[in-house]
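Trainee: Sharing a structure here in structure tokens format.
The values are calculated or read from the model by the stated rules, or taken from the named source; none is laboratory data. Worth saying up front: this structure is predicted, and the values here are computed from it rather than measured. Heads up, the Cβs are rebuilt from the backbone with ideal geometry, glycines too, and the neighbour counts pull from every protein chain shown.
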Amino acid sequence: MDDPSHSPRAVEIAHAILNHGKPGACTFYRPEYKYILPVHKDFDTFDFTAVPALNKPKVLELARGDWIEQRANACFIGSPGTGKTHCAIALVLAACRQGQRVRFYTAAALVTRLEEAQKQYQLDRVLGQLDRTDLLICDELGYLSFSRAGAELLFQVFADRYERKSLLITSNLAFSDWGQVFQGERMTAALLDRLTHRCHIFEMNGESFRFRESMKSKKSKKGD
Ligand code: ADP
Ligand code: MG
């Protein structure tokens, strides 16, 4: 069977740009090489036993991509270091392999991109680019709060995708605290209403994987 990553659609994912962190800095998915990503994370290196609360079959089902066809959303909510970004990147890779158009931003980078675009009278163009993606990732929502204008732009992007395109959000904040990001109960309620209407929600609270690994290596050094 032909490798689907070599299909014309997959080559088009030269535009499945994984824009990680820096606005405008693009990382391309090149099927003929390996995946070039800021960090490469996949499910084969994800230890599901470390997060027993995470529904492994459901996460792996998302990797099959039907939820994107159905224009549903996904949220990974939980404390730092529990693997939210790891799962998000693994789902990005899965979607790229299936030929979906994907863009990956941190929430801060996305807001910066929108604000800059607005200043330069380029907002429509950037909104159009985002609109042409099947899946938009907004990583780390909640670490930084935005100006009112920034929050409104982010709201606009999220609300525009409702029932049309998929959105994957990772956040350290419980939904009840999203008012801190979207400044104002009304906007937050309107957003959550749309976002959670058809949404796969994964709660990933627990001890940080990083912390646990570093404790393990300290212990094993002591035992040497
Ligand atoms: P979060 O986004 O929730 O803060 P990350 O996904 O960035 O956490 O995870 C922090 C680090 O720990 C990353 O290097 C990630 O690959 C690793 N990690 C987290 N959880 C797991 C896990 N269950 N199995 C393997 N590696 C993990
Ligand atoms: Mg993260």
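Trainee: Could you list, ordered by first residue, the pairs with Cβ atoms under 9 Å in which the first is in the stretch 100-123 and at negative phi and the second is surrounded by fewer than 18 Cβ atoms within 10 Å (Cβ to Cβ) and of a type in the set (F, W, Y), at least 6 apart or interchain?
Mentor: The qualifying pairs are T106/Y143; A107/Y143; A108/Y143.
Trainee: Also: For residues that are within 16 Å of ligand 2 (Cβ to nearest atom) and buried (at least 23 other Cβ atoms within 10 Å of the Cβ), tally how many sit in the stretch 108-127.
Mentor: 1
Trainee: Would it be correct to say that F182 is more than 17 Å from the chain's Cα centre (by Cα), within 13 Å of ligand 1 (Cβ to nearest atom) and either closer than 26 Å to A149 by Cβ or of a type in the set (F, W, Y) (or both)?
Mentor: No.
Trainee: Another question, then. Confirm whether T112 is at pLDDT 90 or above, within 12 Å of the chain's Cα centre (by Cα) and of a type in the set (S, T, Y).
Mentor: no
Trainee: Please state which of the following conditions S214 fails to meet, knowing it meets all the rest: (1) within 25 Å of D47 (Cβ to Cβ); (2) polar (S, T, N, Q); (3) surrounded by 13 or more Cβ atoms within 10 Å (Cβ to Cβ).
Mentor: Exception for S214: condition (3).
Trainee: Name the residue, out of L130, L144, L91, that is surrounded by fewer than 22 Cβ atoms within 10 Å (Cβ to Cβ), within 16 Å of ligand 1 (Cβ to nearest atom) and in contact (Cβ under 8 Å) with a residue 12 or more places away in the chain.
Mentor: L144
Trainee: In this structure, does L154 turn out to be within 16 Å of ligand 1 (Cβ to nearest atom) and either in a loop (DSSP other than H, G, I, E, B) or touching a residue at least 40 places away in the same chain (Cβ under 8 Å) (or both)?
Mentor: No, not satisfied.
Trainee: Which number in (1) within 13 Å of the chain's Cα centre (by Cα); (2) within 12 Å of ligand 1 (Cβ to nearest atom); (3) at pLDDT 95 or above marks the one condition that V59 misses?
Mentor: (1)
Trainee: Restricting to the stretch 71-91, and then to whatever is within 9 Å of ligand 2 (Cβ to nearest atom) and touching a helix residue (DSSP H, G or I) at 6+ places or on another chain (Cβ under 9 Å), can you tell me which residue is farthest from H197 (Cα to Cα)?
Mentor: That would be G81.
Trainee: Let me ask something else. Looking at (1) under 23 Å from R210 (Cβ atoms); (2) surrounded by 21 or more Cβ atoms within 10 Å (Cβ to Cβ); (3) at pLDDT 90 or above, which is the one condition that is false for W67?
Mentor: W67 satisfies all of (1) under 23 Å from R210 (Cβ atoms); (2) surrounded by 21 or more Cβ atoms within 10 Å (Cβ to Cβ); (3) at pLDDT 90 or above except (1).
Trainee: Scanning the stretch 168-190 for residues that are away from ligand 2 (no atom under 16 Å from the Cβ) and not in a helix (DSSP H, G or I), which turns out surrounded by the fewest Cβ atoms within 10 Å (Cβ to Cβ)?
Mentor: Going through the qualifying residues, I end up with G184.
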